[in-house]
Amino acid sequence: MPTDSPFLLAALVLQGAAALLLVARLSRGRTRRPPVEPLLGDAHAGKVTVTITTLDEARRVGPCLAGLRRQGPAMARALLVDSRSTDGTWELLQAAAAEDPRLEPMHDPPLPPEWVGKVWALQHGLSQATTPWVLGMDADTEPQPGLVAAAVDAAEALGYDAVSFSPRFDGMSVAEQWLQPAMLCTLVYRFGPSGDRQPAPDRVMANGQCFLAKREVLLRHGGYESARRSWCDDVTLARHLARNGCRVGFLDGAKLYRVRAYEGIGQMWREWGRSIDLKDGTTPFRQFLDCAFVVLTMGVPLPALVLALAFGLPDWRAGDVERWWVQLNAGLVAIRVLLLFGLAGSYVRTYPTFWLSFTADPVAALRIVLSSLKRPRRWRTRAYDADSVVGATPA
């Protein structure tokens, strides 16, 4: 390799700055809160309305419905808002409701222009809720007993107006466990670990798979309307609330619920990749910085080491730029490998490919760049025309 070239010096400076920022972000993990524990019993009785949105989820909604039936008195109602499924989902919702009167199947009104279907269904659920808290959950989640009470308990103890929870991942294939941890790490690298720290509004993180908010706060700030055109509605809504002075949190919910979000690595690439750049909740300049940061800290290091090996490692006794550049990239790869030990608890089981997922980092970095350049047109079974949701901006 050429030694001390201007290009190599520029790469060293940029990657060095990115590495310092990465270490600062990850260092917050030393004081992060442990996973929220389920809360059994009669605590917070009648405080929460859960909303589940469905559209052709017959193959995946069963564990969610079973988990809802296992919730204690904290869950007053569970609104099962179906957008006129055609695969038997509606019949499954009705059968579950026959076993637990707290489960209430309903259809949402026709989808208005400029609304994404899931967000419109959540808005309809909010209009039907009467409890102090509303909890939106995805149909592919599996709530554990005590989830609802524990979520409210954590929110009230920490003074949150809204809080979401990270999941524990289950049911992945060997191939998925190679790619998914790398894509997950792009979020950890950009925003740091979950915890009770209150970041700047434009750095707030959220997870719509389990998103709890005060009903009165949502209504005061327009419900879900701020995210009506967003493909990352959870982050867009959370940042909208934070900009308006609400206290918004993101906590570890690995003990509260499990999720099997995708049916194979291809669907993961398409559907998670469509929004992983979080463009709808981020300014274009910040999005550019985030993409550059991921490329420098995840996309470059492993190929740089492979390149160094191919051309011969530098003379370690020399004090040149090339030596420091190779050492820096080796350090970034080491950080990534060590992070796997912290992430392992977020998976029900880990395969060998999980421990090799750092080799997928360049692929995950590429996916973020591609996602940032193209706006999606489809979510699950619903397609959107170019004018209906294009142009969503941070609210």
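The values are calculated or read from the model by the stated rules, or taken from the named source; none is laboratory data. No experiment lies behind these values; they were computed from the predicted model shown. Backbone-built Cβ (ideal geometry, glycine too); neighbour counts: all protein chains shown.
Worth a mention:
- All of (1) in contact with a Leu (Cβ under 9 Å, 6 or more places away or on another chain); (2) under 14 Å from Arg367 (Cβ atoms); (3) among the small types (Gly, Ala, Ser) hold for Gly253 with one exception: (2).
- Among the numbered conditions (1) at negative phi; (2) at pLDDT 95 or above; (3) out of contact with any Phe, Trp or Tyr (no Cβ under 6 Å at 6 or more places or on another chain), the only one that Arg247 does not meet is (3).
- Filtered by the rule that a residue be without any contact (Cβ under 8 Å) to a residue 12 or more places away in the chain and over 17 Å from the mean Cα position of the chain (by Cα), the stretch 270-287 gives Pro284, Phe285.
- Some residue of the stretch 227-235 being of a type in the set (S, T, N, Q), in contact with a Gly (Cβ under 8 Å, 6 or more places away or on another chain), farther than 27 Å from Leu111 by Cα and part of a loop (DSSP other than H, G, I, E, B): no
- Criterion applied to Arg228, Arg239 was being charged (D, E, K, R) and over 22 Å from Ile52 (Cβ atoms), and the one residue passing it is Arg239.
- For Leu103: the one exception among (1) over 21 Å from Arg215 (Cα atoms); (2) in contact (Cβ under 8 Å) with a residue 24 or more places away in the chain; (3) more than 19 Å from the chain's Cα centre (by Cα): (1)
- When each of Ala24, Ala45 is tested for being exposed (fewer than 15 other Cβ atoms within 10 Å of the Cβ) and part of a loop (DSSP other than H, G, I, E, B), the lone residue that passes is Ala45.
- Arg378 being of a type in the set (Lys, Arg), within 27 Å of Pro284 (Cβ to Cβ) and at pLDDT 85 or above: no
- In the stretch 27-42, the residues that are more than 22 Å from the chain's Cα centre (by Cα) and crowded, with 17+ Cβ neighbours inside 10 Å: Leu39
- Single match in Glu225, Glu176 (criterion: farther than 30 Å from Leu296 by Cβ and charged (D, E, K, R)): Glu225
- One residue stands out in the stretch 259-287 among those that are in contact with a helix residue (DSSP H, G or I) (Cβ under 8 Å, 6 or more places away or on another chain) and loosely packed, with under 15 Cβ neighbours inside 10 Å: the one that is farthest from Val235 (Cα to Cα), namely Gly264.
- Search result, residues across the stretch 219-244 that are of a type in the set (D, E, K, R) and more than 19 Å from Ala129 (Cβ to Cβ): Arg229, Arg239, Arg243
- Helices (runs of 4 or more DSSP H) contained in the stretch 143-220 and holding at least 2 residues modelled with pLDDT of 95 or more and either crowded, with 23+ Cβ neighbours inside 10 Å or among the polar types (S, T, N, Q) (or both): 147-158, 176-191
- Screening Ala97 on (1) of a type outside the set (D, E, K, R); (2) in a helix (DSSP H, G or I); (3) out of contact with any strand residue (DSSP E or B) (no Cβ under 6 Å at 6 or more places or on another chain); (4) surrounded by fewer than 19 Cβ atoms within 10 Å (Cβ to Cβ) shows it passes everything except condition (3).
- Of all residues in the stretch 236-247, those that are within 13 Å of Gly208 (Cβ to Cβ) and not in a helix (DSSP H, G or I) total 0.
- Arg77 being surrounded by 14 or more Cβ atoms within 10 Å (Cβ to Cβ) and either more than 21 Å from Leu237 (Cβ to Cβ) or out of contact with any Cys (no Cβ under 8 Å at 6 or more places or on another chain) (or both): yes
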